[in-house]
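The values are calculated or read from the model by the stated rules, or taken from the named source; none is laboratory data. Predicted model, so just to flag it, every value in this text is computed and none were measured. Cβ coordinates were reconstructed from backbone atoms using ideal geometry, including for glycine residues, and neighbour counts include every protein chain displayed.
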Amino acid sequence: MKSALLVVLLLLHISALWGQQQLAGSVIDSAFSLPLKNVTVQNHTLNTKTLSDAEGKFSIAAQRGHSISFSLFAHQTQTVVLNTLDPLKIILSPKVNLLQEVEVRHLNTSPSTWQSPAFRGQSMVYTKEYDDPSAGGVVFRVWYWKKDEKRRNKRLEAERIRSVEGRIRDIFSPLNISLYVPLRGEDLNNFIWHYTPSPETFTHPNFELLLYLNDSYKKFQQLPASDKKIPELMGR
């Protein structure tokens, strides 16, 4: 009798799971409007979990009335109660002044020499590919010089660098960086001047923004007060 009851309960449980619909959606960062990878998506009603993919997308079994939470390191957890199973777009905000509390040891980075104010990618790497204007057909040249090819490659590389520098400038603005480091005013501007990454650092496959900022903030705190300031321009 007990065995039969257990079988019935098991079948009811399996039937309930099969009856669940799928909730799909995506998770993005509020500061940079970038997709967030490895966000923990948990259905507290069913006690099930999944992770968002590299594009911030997720899918999890759910029904109306279920409680779903979204959590990720350095971001504020968000919980919603479903009143619809339409695709969700979840926006997670960074935790303010997180770097005062978190000890992260992962990627060893060193500040690059200052080249231009700029921000990759993500962890999230943020880059743009440029198509060869001559691609898509056959080109006949009576005179062909390697220097022409070098000029073209140099131009394309300069365009790529400008695009990366633009992305870095957008991300390493005082408004954005103040969400991640507990600095304000002159100290914040000095930090950005010292630790805005070069395009080479920013586009490196191992570059991760939060780890880089955490590492850089610790180094900034260890600098003597005189070294934290932006050097004055010659002749002023």
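Annotations
- Residue count for the range 184-223 under the criterion of being within 21 Å of the chain's Cα centre (by Cα) and not in a helix (DSSP H, G or I): the result is 9.
- Top-ranked residue of the range 50-71 - restricted to ones that are under 13 Å from the mean Cα position of the chain (by Cα) and surrounded by fewer than 20 Cβ atoms within 10 Å (Cβ to Cβ), ranked as modelled with the highest pLDDT: 53
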